[in-house]
Amino acid sequence: MLLSALTALFMALGYTLGGSGGAVIALLVAAGMNLFTFWNADKIVLSMHNAREVDAQSAPEFYGLVQALSQRAGLPMPRVYVIDQDAPNAFATGRNPENAAVAATTGLLNMLTRDEVAGVMAHELGHVKNRDTLIMTMVATIAGAISMLANFGLFFRGGNEENGHSNMIATLLAVIVAPFAAMIVQMAISRTREYGADQAGAEISGNPRALASALAKISGRAELIPNPVAERNPAAAQLYIVPVHVSELFSTHPATEKRIAALEEIAQDMGQNGGPPPINLATRASALSPVAAPRPRRSALDPHGR
C-alpha cells in the first residue's frame, strides 16, 4: 500500500510538471543510478564500512552462529563480515537471499551475550528472508526519481503550459511538498520493514527477549559512541539495526521502546512467560567475546585472537 502511495505521488508530480523532456531525463537518470545501486549495493556498503569477510576458519564461533541461524531460516548461507568499529551495530545487504551478506561490528560482538548476538543476526537474516533490501531499493528508486523530478521542475518552471498546469502554487507543491511527502512515505516503509524483521528474527532465533535485550543495549550505546561512517554518509543510518543520532520524528526506525514492547508480545504468544535470565556482567562475554576466549584459540569476534 505504501509503495502504491509512493508511486501515485510520483505520477501526480509528473502530471503537475506535465510532459517536459526534463521529467523524462530525470526519471531515466534516477532509474539508472538506482539500477546500478541495486546490482552493486552490497559492494558499496561493505566497502564504505571497510568490512572484512570471515569464514569458518577465521571466525568459527560467529560464522557457525550465522550458519546455524541460516539453516533454521531456510536461507542460503550469506557471506559474513566483521567491521572493526566500536559503535555497536549490524546490517544486512544484497539484492536477494542468494547474494546476501550480513555484517556486525566488533563493538556489538564484544558487548552482547551469545543469545543476544543470535537475536541480532536473526533480525538481519529476517531482512534477507523478507527481501527488504529489494523493497528498499524499489523505494529508493521512486523517491530518488521524485526528488530529481522536483529539481528539474525548478528549471522548467512547472511544466506543461499547453494543458494550463503551469502556476506558482503547482511549482511550489511539486518542488517542496512532493519530496517531503516521499521522505515521509519512505520512512514509513522502512519502519514497517523493521517490525517485520524483528518478527522474523524472533521466529528464527526462537528467543524474542534476547533480541529485545540486545536492542536496549545497542540503542543506549549507539547514541554515545561515534559512528564515522554514518557521520560521513547519513543515508547509511537506515541500514543499521538501530538508528544513529537521529530524532524519532525523522528516524527510519521505530522507537526502540515500541520494538521491545512488540517483541515482548511475541514472546508471550510463543509461550515464554518468564523474562530472560539475568546477565552476569562478570561472565557475560563467555561465548563470543575475545576477552574470555583462551589465547591459543581464535575467537568468533576477533579472528586475530586478540
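All of the numbers you see were taken from the coordinates with simple rules; none came from a lab. Just so we're clear, the structure is a prediction, and the values are computed from it rather than from any experiment. Reconstructed Cβ throughout: ideal geometry from the backbone, glycine too, with neighbour counts over all protein chains shown.
A few comments on the model shown:
- Per-residue packing, averaged as other Cβ atoms within 10 Å, sorts the ranges 54-65, 191-202 into the order 191-202, 54-65, beginning with the highest.
- The simple spin-label model puts a point 7 Å past each Cα toward its Cβ; for Glu265 and Glu203 those points are separated by 1.6 nm.
- For region 120-125, putting each phi into the Karplus relation 6.51 cos²θ - 1.76 cosθ + 1.60 with θ = phi - 60° gives couplings of 5, 5, 5, 4, 5, 5 Hz, in residue order, rounded to whole numbers and with x for Gly and Pro.
- Ranked by the mean number of other Cβ atoms within 10 Å per residue, highest first, peptides 101-107, 114-120 order as 114-120, 101-107.
- Oblate is the label for region 32-72. Its Cα gyration tensor axes, ordered a ≥ b ≥ c, give a/c of at least 1.5 and b/c at or above a/b.
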